[in-house]
Each structure stands twice: as C-alpha cells, then as structure tokens.
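Down below is the structure, laid out as structure tokens.
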C-alpha cells in the first residue's frame, strides 16, 4: 500500500502537545465536590466510569490518527512488472454442438466439461491459455492469456444456446476447430505448445479435415491431446417438443479412430471420458505436461483504500460522543 499524500503525516505531530495538555490538565484539575476526608472511599471498588475515564481521550486521538491517514490517501500499488515464470501455451478447443447437451455426464456434457476445464485452468496459473469453440463452424472465444479471471469469465458464458439460437451452424467441424487453435499457437515462442480438443462426435462439417489439421499442427511443433466425451452406446438427450422438454436416447458416435490418429500424429494422447470422474482424471493426466520459461509483463491498477480508515474515524468519534453523553456525562 502506498500513500498519495504522505506529507499529511506531519499532522501527527499535533498529537504531542495535545497529549501533554491532557496529562497536565488531568493532574491539576480541581475536584467538583470537596469533602473533609476521602478515607471512607479508599477501599471502595472501582466503577466502570473510573475505568473509562480516559477512553474519550484515547478515542479522540485514534479518530485524529484515522483522519490523518485518510488525508494521506492510502492506495494499492500501481505498477508494471516483468517476471519470468514457468508455463506452457495451451489452446482449449471445445465442441459446443447441440449433442453436448446430452445428460450422460452430470448435469450434461458441456457443463461437466466447463467445470473440469475451469479447475484445470485454475490449477495452472502460470500458463498462457486460450479458448476456441466450434460446432459447424469455429471461432476464438478468448485469445491466449495469463489473465485467467478473464478467461474463466468468458468460458462460463459458453453454451450450446449459441447454436440453438442460430448464432453458429450446428454440426461438428473438428478440423475447423483445430485450425483456429493452430492459428493462435503457430507463432508462439514457447517450448511446449498444446491443444486440448474435447468433442463428443465425429467430423461432419467444415472445409478442413481433422487429419489435415493434425499434420499442420505437427509442422508447427504443436501437440494435440484429444478427449472423446460421452458414454458408450446411447445417451439421454433433452429434446424440445411443443414448448416442453421430452427426453430421448441418442446414439453416442465418437470417431475414436480419427481422434486417436490426430493425437498420434502430433505426439499427443487420446482419452475417453465416459463420466465426470474420468473426465477429471484426463485433465489431471494432461496437467503433468512439461513446462517452459516465459517472460510476462504484469500491470496492477491503483485503487483508493481510505474508506476503511474513514469508517474507523467515524466509529471512534461516535463512541467518544456516546461515552461523554452517557456513562461519563458530567452534571454541573
């Protein structure tokens, strides 16, 4: 924390004469009621009033201290910093076709994928991570960044509604999703460049075949880890009928052969995630990837931080006034 106006601290010197004045005044004060002898009160127990007699002075001094701090304008740091961290460049390539609404994972495939991927991102704070989404077409939801708060915020807004509302064509364009991710990674200087592809189907759209995209990735030194998500056989799927939802069973058609070929071509790995626990295990396995050094420039914004001290000043003044007008009130 920094002080924008540190010279206001000189006002604290005023506390010195104030403390001296209070001590001298207390020693030389005359009693309000004079009695011939105080021996009868010598062994009397002390009252709360006697214990709190100096409380107003202390509260007034603390309030003054808080006011001076407010005048100094405490602020959080605001600076650029360069540092070297250990991390790799990763693009998450996530299928958002309508079949990802199938409920063979809890609560469905897309939400389970988002939750586990968010845990993966949170566990790799030093990595440069981006997000590509695809269905019948593909686009970058978030470029690679180390600001994972922004990435997670954009990730949470991803849903199959984008396809249902017609914002994207339905289908599974795996090759297009990979090509988009490769574009983001190809110029990276990191030693390790990785794409994590998550899909629940087989390629049926797009102008680039998945294996062609894999060859392109290999030429740029990019490894692809492929995840086929969904149970074997059939899956429970919510189908809208006349304003309500009916559930039907749809076949699970994951092109495991193609996904395995993509991974093998780029020296990656192919995984099957048939439930939430298995999906989490897959990401934990990928989490063991090698790391590489990278330089990161960080910027921290300055914020005013005087509000707490202003609140304390008001609280101390209020308590001092309350004591003077109740327990310590003097009657002439």
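Output the peptides 14-25, 126-137, 210-221 sorted from most to least packed, where packing is the average of other Cβ atoms within 10 Å over each peptide's residues.
Averaged packing, sorted descending, gives the order 126-137, 210-221, 14-25.
Please state, as a whole number in µm²/s, the translational diffusion coefficient that the Stokes-Einstein equation yields for the stretch 148-260 at 20 °C and 1.002 mPa s, with Rh defined as the Kirkwood radius across alpha carbon pairs. Provide the component values of the computation, followed by the final result.
Numbers: Rh = 16.2 Å.
For the chosen part, D equals 133 µm²/s.
Kirkwood Rh, the stretch 83-291, all Cα pairs: how many Å? Write down the numbers at each step before the final one.
Numbers: mean 1/r = 0.0590 Å⁻¹.
Result for the stretch 83-291, one decimal place: 16.9 Å.
Report the antiparallel proportion of the DSSP beta bridges in the chain as a percent, rounded to a multiple of 5.
On the way: 25 of 49 bridges.
Antiparallel bridges make up about 50 percent of those DSSP assigns within the chain.
Please state the relative contact order of the chain as a whole percent: Cα pairs under 8 Å, 6+ residues apart?
Numbers: 600 pairs, mean separation 79.7, N = 332.
That works out to 24 percent.
Computed from the coordinates by the stated procedures, all read-outs in this text should not be read as laboratory data. Keep in mind that this is a model prediction, so the values were computed, not measured. So basically every Cβ, Gly included, is an ideal-geometry build from the backbone, and we count neighbours across all protein chains shown.
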